[in-house]
Amino acid sequence: MLDHSSEMLMLVDPVTLQIVLANAAASSALGYQAGKLKGLPITDIESALQDVFYWEDVRNGIHQEIHHQEDQYLSASGELMTVSKSIHRVQHEGQPLLLVQATLTQDVRKLQDVLAHTMSQLRATLESTGNGILVVDWQGKVNGMNRQFSRMWAIPDTLLETQDDQQILEFIAQSVHESALMKSRLNTIVENHRHASSQRQPRV
């Protein structure tokens, strides 16, 4: 359901360009009372010239998807706010619609700042311990390792300098007796997390 997401979500009719459904996050961020976004033209929100051209193309049958594009949204009070938006084609109750997903850019930047601070603390923690530690994220990418780990596994500096996660993990895997088993377990963990994440995505 749309209201299960903290993102602004709006379903738009590609023929009329009217908002068919909007979640609570969209109403709140844009300053509208619940239900008041329904029936409004999407161009009342996305009113920049490039947006008007885009939605006119949509009306003419050209449905180009958009991924994480920065844009300006017009709120009910007339204030412009910067967002990062994506637009995808979806089916809702048998009707082809466009799903507009948007996040306030300031929220994204705030999250990035928090993440950068957390990673800085993590790097300091990694270097302060006497153990060798490797940090791998849920996409199977190397997020960090301390010097002790790179020394223990004799990872060449030339390989570390490439910052090629796959090559680094491949080097580590080839250094153990059951390299195929190690790679299989890592892939299983990553795939299980991706599946769990997909189940939490907003559905329409």
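Each value in this text was obtained by applying a stated rule to the coordinates, not by laboratory testing. Since the model is a prediction, treat every value here as computed from it, not as a measurement. Cβ coordinates were reconstructed from backbone atoms using ideal geometry, including for glycine residues, and neighbour counts include every protein chain displayed.
For every residue, the table says whether it meets (1) surrounded by 13 or more Cβ atoms within 10 Å (Cβ to Cβ); (2) touching a residue at least 24 places away in the same chain (Cβ under 8 Å).
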position: Tyr32; (1), (2): yes, yes
position: Gly35; (1), (2): no, no
position: Leu40; (1), (2): yes, no
position: Ile45; (1), (2): yes, yes
position: His63; (1), (2): yes, yes
position: His68; (1), (2): no, no
position: Gly94; (1), (2): no, no
Exercise. Taking segment 4-30 only, how many residues are surrounded by 17 or more Cβ atoms within 10 Å (Cβ to Cβ) and assigned to a loop (DSSP other than H, G, I, E, B)?
Worked result: 6
Exercise. Any idea which residue in segment 70-92 is surrounded by the most Cβ atoms within 10 Å (Cβ to Cβ), counting only those that are touching a Phe, Trp or Tyr at 6+ places or on another chain (Cβ under 9 Å) and of a type outside the set (D, E, K, R)?
Worked result: Val83
